[in-house]
Every structure is written in structure tokens, then in C-alpha cells.
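Visitor: Sending over a structure as C-alpha cells; questions will come in a sec.
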């Protein structure tokens with residue numbers, strides 16, 4: 001059956017308007033949809049705040065705790081604050097209307113408080129980490145002599161440096177590596193100087 005010329009042109013034009021969606025475009029659309037669905041709404045943001053950091057900060061500042069535990073406390077607190085800030089930032093960027101909905105004053109105030117607390121904790125955390133990098137070892141008496149020992153677990157100190165993502169991160173990490181080598185050399189020297197126990201002798205019968 002033959003179609004009229006006009007119908008043929010119309011059919012071809014309609015066919016030409018159909019655009020195949022590439023796999024990348026489908027992925028972008030799906031990701032965008034998923035991101036919007038996972039973005040906290042006003043009710044969820046209203047429950048988010050940084051008012052519960054006092055105890056964690058007190059533990060981090062406690063000079064009677066081992067240095068490694070204090071550093072871990074700072075890492076956990078700072079990481080938690082950063083995540084909360086990211087949640088606020090992401091939600092408000094994807095849905096600017098949240099700035100103007102009912103209760104928006106509470107959301108904005110909570111976000112500003114989180115930003116300030118994160119900045120304050122970062123300064124304190126960084127100051128402590130730099131102090132540890134400057135003086136990563138201490139002197140202790142072992143076997144009747146002074147030896148160099150680690151002030152804290154070096155891997156924990158490295159984790160703290162990575163968490164802060166400091167501009168001079170590589171320099172700080174190299175200084176930690178040097179300190180670790182000094183401690184290892186001291187330990188090796190102590191072991192080599194230990195007297196070898198004499199073999200036991202048994203009397204024959």
C-alpha cells in the first residue's frame with residue numbers, strides 16, 4: 001500500500017524527532033533523581049545541629065588521656081562536624097526553597113552554628129597535631145638508660161594529618177616518617193645491646 005507523498009514526509013519528520021538517550025544521559029538523570037530523593041527535607045534538617053559536641057571536645061582536650069586516644073577523639077569529632085556541614089550545604093544548594101520555608105530561621109541558625117563550631121574545632125585540632133609533629137617522641141628510662149620512644153601511635157597521627165587535609169600535608173607526613181625511623185633505630189640498638197643468655201649446662205651422670 002502506497003502512502004501519499006505528504007504522509008511519507010510527515011512520517012519521516014516524526015521519526016526524525018525521536019532522539020535516542022545515551023547511557024551516560026540515562027545515568028545522569030538517574031543520579032540526579034536519586035540525589036533529589038536522598039536530599040533531606042525541611043523536617044529532617046530541623047533535627048540536625050551541632051549542639052552535642054561539648055562532651056566530645058572535653059574528652060579531646062583531656063591531657064590525662066593517652067595522646068593516641070585524644071587524637072582519635074579529635075578525628076571523630078571533626079569528621080562528624082564536617083559531615084553535618086556537608087549535609088546542610090548539599091540540601092540547601094539542591095533545594096534553595098528550604099531557606100524560605102516555615103522554620104527556615106532555625107535551619108539557617110543551626111547551619112551557621114555548625115560552620116562556626118567546625119572552624120573552631122579545626123583550629124584547635126590542627127594546633128594539637130602540629131605540636132605532635134614538632135615533638136613526636138619523648139625520652140624514657142629503659143634498662144638504666146634514656147631512650148627515645150613514640151609519644152603516640154604514628155599511624156593515628158598520620159590519619160589526623162590526612163583528615164585535616166593540610167596544605168603542607170606531605171611535609172608533615174615525611175616528618176612523622178623520620179620520627180618513626182628514629183624510634184625504630186633506638187629499639188634495634190637496645191635489642192642488639194641486650195646480653196645473650198648463656199646456654200644451660202647439664203651435668204652428666
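The values are calculated or read from the model by the stated rules, or taken from the named source; none is laboratory data. Note that the structure is predicted; figures quoted are calculated from it, not measured. Methodologically, a virtual Cβ is constructed for each residue, glycine included, from the backbone with ideal geometry; neighbour enumeration extends over all protein chains shown.
Visitor: Kindly indicate whether residue 165 is surrounded by fewer than 16 Cβ atoms within 10 Å (Cβ to Cβ) and at positive phi. First the steps, then the outcome.
Guide: On the way: surrounded by fewer than 16 Cβ atoms within 10 Å (Cβ to Cβ): yes; at positive phi: yes.
Yes.
Visitor: Does residue 152 qualify as being crowded, with 17+ Cβ neighbours inside 10 Å and in a loop (DSSP other than H, G, I, E, B)? Explain how you work it out, then say what you get.
Guide: On the way: crowded, with 17+ Cβ neighbours inside 10 Å: yes; in a loop (DSSP other than H, G, I, E, B): yes.
Yes, satisfied.
Visitor: Search the range 94-107 for residues being free of Cβ contacts under 8 Å to residues at least 24 places away in the same chain and either closer than 11 Å to residue 46 by Cβ or not in a helix (DSSP H, G or I) (or both), and hand back the single one that is farthest from the chain's Cα centre (by Cα). Talk me through it step by step, then tell me what you get.
Guide: Start the filter on the range 94-107 by keeping residues that are free of Cβ contacts under 8 Å to residues at least 24 places away in the same chain, which leaves 96-97, 99-100, 105.
Narrowing further to those that are either closer than 11 Å to residue 46 by Cβ or not in a helix (DSSP H, G or I) (or both): 100, 105.
Numbers: 100: 31, 105: 29 Å.
Selected residue: 100.
Visitor: Got at least one residue in the range 65-84 being surrounded by 14 or more Cβ atoms within 10 Å (Cβ to Cβ), modelled with pLDDT under 90, assigned to a helix (DSSP H, G or I) and out of contact with any strand residue (DSSP E or B) (no Cβ under 8 Å at 6 or more places or on another chain)?
Guide: The answer is no; no qualifying residue exists.
Visitor: Kindly evaluate residue 121 against the criterion of being modelled with pLDDT of 85 or more, in contact with a helix residue (DSSP H, G or I) (Cβ under 6 Å, 6 or more places away or on another chain) and either outside any helix (DSSP H, G or I) or under 30 Å from residue 41 (Cα atoms) (or both). Lay out the reasoning, then the answer.
Guide: Numbers: modelled with pLDDT of 85 or more: yes; in contact with a helix residue (DSSP H, G or I) (Cβ under 6 Å, 6 or more places away or on another chain): yes; either outside any helix (DSSP H, G or I) or under 30 Å from residue 41 (Cα atoms) (or both): yes.
Judged against the criteria, residue 121 is a match.
Visitor: Take the residues in the range 132-147 that are exposed (fewer than 12 other Cβ atoms within 10 Å of the Cβ) and outside any strand (DSSP E or B), then tell me which one is farthest from the chain's Cα centre (by Cα).
Guide: 144
Visitor: Filtering the range 149-190 down to residues that are more than 30 Å from residue 122 (Cα to Cα) and touching a strand residue (DSSP E or B) at 6+ places or on another chain (Cβ under 9 Å), which residue is modelled with the lowest pLDDT? Can you show your working first?
Guide: From the range 149-190, those more than 30 Å from residue 122 (Cα to Cα) are 184-190; that's our starting set.
Remaining after also requiring touching a strand residue (DSSP E or B) at 6+ places or on another chain (Cβ under 9 Å): 185-187, 189-190.
Details: 185: 87, 186: 81, 187: 76, 189: 71, 190: 67.
Among them, the one singled out is 190.
Visitor: Okay, next question. Within the range 50-64, restricting attention to residues that are over 10 Å from residue 117 (Cβ atoms) and in a loop (DSSP other than H, G, I, E, B), which residue is modelled with the lowest pLDDT?
Guide: If we take residues in the range 50-64 being over 10 Å from residue 117 (Cβ atoms) and in a loop (DSSP other than H, G, I, E, B), then 52 is modelled with the lowest pLDDT.
Visitor: Right, here's the next one. So is residue 126 without any contact (Cβ under 8 Å) to a residue 60 or more places away in the chain and exposed (fewer than 13 other Cβ atoms within 10 Å of the Cβ) or not?
Guide: Details: without any contact (Cβ under 8 Å) to a residue 60 or more places away in the chain: yes; exposed (fewer than 13 other Cβ atoms within 10 Å of the Cβ): no.
Spelling it out, it is not the case that residue 126 is without any contact (Cβ under 8 Å) to a residue 60 or more places away in the chain and exposed (fewer than 13 other Cβ atoms within 10 Å of the Cβ).
Visitor: Among the candidates 81, 48, single out the residue that is within 20 Å of the chain's Cα centre (by Cα) and farther than 25 Å from residue 162 by Cα. Talk me through it step by step, then tell me what you get.
Guide: On the way: 81 fails: farther than 25 Å from residue 162 by Cα.
One residue alone meets the criteria, 48.
Visitor: Further question: When you check residue 193 against the structure, is it on the phi < 0 side of the Ramachandran plot, modelled with pLDDT of 95 or more and surrounded by fewer than 17 Cβ atoms within 10 Å (Cβ to Cβ), yes or no? Break it down into steps so the answer makes sense when it comes.
Guide: On the way: on the phi < 0 side of the Ramachandran plot: yes; modelled with pLDDT of 95 or more: no; surrounded by fewer than 17 Cβ atoms within 10 Å (Cβ to Cβ): yes.
For residue 193, the condition - on the phi < 0 side of the Ramachandran plot, modelled with pLDDT of 95 or more and surrounded by fewer than 17 Cβ atoms within 10 Å (Cβ to Cβ) - is not met.
Visitor: May I pose another question? When you look at residue 102, is it at pLDDT below 80, more than 30 Å from residue 178 (Cβ to Cβ) and surrounded by fewer than 16 Cβ atoms within 10 Å (Cβ to Cβ), yes or no?
Guide: Values: at pLDDT below 80: yes; more than 30 Å from residue 178 (Cβ to Cβ): yes; surrounded by fewer than 16 Cβ atoms within 10 Å (Cβ to Cβ): yes.
Answer is yes for this residue.
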